[in-house]
Structures are given as structure tokens and as C-alpha cells.
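The values are calculated or read from the model by the stated rules, or taken from the named source; none is laboratory data. Please read these numbers as outputs of a predicted model, since none were measured by experiment. When we count neighbours, we look across all protein chains shown, and the Cβ atoms used for this are built from the backbone with ideal geometry, even at glycine.
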Amino acid sequence: MSLTESFRVALTGLLTNRLRAILTTLGIIIGVGAVIGLSSLGRGVESFIASEFQALGSNVLFVFSSAPTSGTRTTIQPISTLEGEALGDPTVAPDIAQVAMETVVPGRVVNGGRSVTIVLSGVTPNFAVVRDWPVQTGVFFSDEDLDAAARVIVLGTTTVEKLFGDKAFDPTGLPVRVNDRVFTVIGVMQEQGGGIGALGDQNEVAFVPMTTAQTRLDNARTRDGGYRVDVLHIQTRGEESMDAATLQVESYLSDAHGVTFQGEQDFTIINQRDLLNSLGAVTGILTVFLSLIAGISLLVGGIGIMNIMLVSVTERTREIGLRKAVGARGSDILTQFLIESLVLSLVGGALGVALGWLITLIGGALVPDLDLAITTDAIALATGVSTFIGVFFGLYPASRAARMKPIDALRFE
């Protein structure tokens, strides 16, 4: 029997039991759709997180205090403004372009009957430049504001919305109360895309001059005569200078903090690349995990195909015996039932790709910040898996039908 004839006979057998064939493919449809949809969602989350961290700057180091990993040292010496100023000296760290310092203090900002409890960031005037985060309206702090510990504040758009009812409102020049002290709003930061993202709501922020936070809102003096700094935002001279700048920062702070042995460092240095690698590994594992969970339904669908094909072989035993009696070979019977199994799985796979595309469209509409798209490798994987399922789970029923002896098949009741 030719392959064309085997294909025709297989389709005839499937069309004879249309409803059963449709129900059988449901497991494959749902499985393939779920795999494609969830893998697209996982990759969209990975891309979104990467874009969130890329907004921090591609050549920025973040330095902050942390507990030593060695048991020979248990105390933490806070990073101070004196150390931040020293690292900004080209003779100390030639690969560093500039250093922005940040001190955080708890605060409550009040405007009339509205208030927001927030972590206030006391920063140096170059913070907006280092972080590549310009103001939307008004101005950022000046060196004069820093020297005078001025009571001025710059708000994020979410903070503006909570205090004034509309994030598009321009509060520049208006007074607000910060921890029961009157401050003047001098600017609003440009809205960061994404709103609530990997770093929380980046627009729910409030910035004051660092000296104001250290002296008026907190007592942050350190034992070296400077003031405590929670984070150093260090801009290197280029991406190629990241490693050299990291070594210079580590060398200077190790000397300044009296670090003798490895593991005694009471500070941590991270960069965007480290953050992206760590988060990429986590989100990659999450994507694989979601796809594996969805893949369980593919396994269930494959078992359903095997079950239905075994039922079909049993129902058509006399037909198989009759065909063998008139000259059909075992390979012809095997091919016929394998084709039936493959058709079920491939049709299910094609409809599953359509379902995955629909899931991706709905997901993109519900979460516009995620760039969801079906990739060709996901479609190729789904097609390959559905083909494998058709062959693997259809092989046993087909071989069982091919091994039947004509006389036994014709006697079957």
C-alpha cells in the first residue's frame, strides 16, 4: 500500500469518530498552548527586569556596607562622606568619573490632609547625572543647597500623585511638611517607565540634599569625622573600566577599614552586570519551571492518544484481520495507525500554537509593560514535542495492530 493510500485510510478512520478525535487532541492543544504562553511570559519578565536594571546605567557601581563573611571580624564600619569624596579623587581611583552619595532616612511627607510614609533619600547634586535620571519639572539640588543643608525636596511622580491627587500636577514652589519640618518642593523627577517593577515603584521617591538628611532629619555622624553614607553610586569612565574601578574601590576601602584578610570586608561592590546575571539566572530557572509544569499536560495528552489508539485498535480488530487477509502487510497497518497518531498530535500542536499566540496577546494586553512575543524556537520546540508524542505514544498501539494474525483478528468478537 502506498503512503498516500495509508494516509487516506488513516484520515477516514479519524473522521469516522470526529468527536473522539477532537477530545483526544485537547490535551495536546492545552499542553502546547500552555508551554508557549508560559515561556513567552517568562521571557517577557526576563526582558522587563533587564530593562529595569539597564535604566540604572551601564557603567555604574553600587557600594554599600554589609556584614563580613569571616568570623575574624564581626563589626561594620559605615562608609562615610570622607571616603566617598576620596574615591572621587582621580589620584586615588583614576577609573572613576564621579561619585554620587546617598543616605536614606525614614520620613513622612504631608500636604494638607494627604500624607505618604516613605524612605527619604538624601543625595548629592550629581545623583541625577550619575543615575541618568533628569527632573521633569523644576530643578534638582545645587551645591549651594548641599552646603546650606537647605530644606528643599524633589518628588517622584507617584509621590506627587499621593500628595496632590494627580501625578501630572506641578507642585514646584509649594510647601510640604517632612517629619514636621517645612520643606519647599523645587522639582519633580522624570517618570520612570514601568511603574511598579523589579525595584518596586521607582517613582514613589523623595530626594533631599544629603546634608539635610544627615543633620536635620538624622544624626549620621561617623567616627572619622564624616557622615554615614548608605550607598555610593560610582560612575566609571566607561564600561571597559568597570573591573579596574571595582579593584580600586575595593583596595581603597580595604585600607580605610583596616581589612587584613579576605572575608573581612564590611562592604559590598556590585554592578549592573552582576545584577543582570543573578536575576537572569533566577528568571531563567523560573521560565524553565513554568514550562515543565505546562509540559505535564503534554504528557497527559500523549497518554490520551495512546489510550484512544489502543481502543481504536481493539474496535477495528476485524477490519485489521480482513485487510491482512486480502494482502495488507504488517508495515501497512503500522503506517496507518502511526499516521493517525501523528495527525492527532500535529493538529493538536498547530491548534496549541494558536492558543499560545492567543495567551500571549491577552497577556500583553493585560500587562502592557511586558514585551510578550512568540519566538520561532518556542514554535519549533512545540512542533517537535507534539511530533515526538505522536510517534512515541502511537508506536505501541500501531505495532500491536501490525502483529495481529489475520485468523485471530477475524475470529475476534
Hey, any hits in the stretch 222-234 for a residue that's modelled with pLDDT under 85 and of a type in the set (D, E, K, R)?
yes
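Residue-wise test of (1) at pLDDT 70 or above; (2) in contact with a helix residue (DSSP H, G or I) (Cβ under 8 Å, 6 or more places away or on another chain).
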{"position": "310", "(1), (2)": "yes, yes"}
{"position": "313", "(1), (2)": "no, yes"}
{"position": "321", "(1), (2)": "no, yes"}
{"position": "326", "(1), (2)": "no, no"}
{"position": "352", "(1), (2)": "yes, yes"}
{"position": "355", "(1), (2)": "yes, yes"}
Considering the stretch 217-237 alone, what residues qualify as being farther than 18 Å from residue 88 by Cα and crowded, with 19+ Cβ neighbours inside 10 Å?
217, 218, 220
Every pair of residues 6+ apart whose Cβ atoms lie under 7 Å, when the first sits in the stretch 81-100 and is closer than 20 Å to residue 211 by Cβ while the second is of a type in the set (Ser, Thr, Tyr) and in a loop (DSSP other than H, G, I, E, B):
100/124
List pairs: first residue in the stretch 198-209 and under 16 Å from residue 370 (Cα atoms), second residue modelled with pLDDT of 90 or more anywhere in the structure, Cβ distance under 9 angstrom, at least six positions apart or on different chains.
201/156; 201/158
Subset of the stretch 189-215 that is surrounded by fewer than 19 Cβ atoms within 10 Å (Cβ to Cβ) and modelled with pLDDT of 85 or more - its residue that is nearest to residue 151 (Cα to Cα):
215
Mind listing whichever residues of the stretch 245-277 are more than 29 Å from the chain's Cα centre (by Cα) and in a helix (DSSP H, G or I)?
247, 248, 249, 250, 251, 252, 253, 254, 255, 256
Name the one entry in 35, 105, 45 that is among the aliphatic types (A, V, I, L, M) and assigned by TED's automatic domain parsing to the domain that holds residue 218.
105
Somewhere in the stretch 220-238, is a residue among the acidic types (Asp, Glu) and part of a helix (DSSP H, G or I)?
no
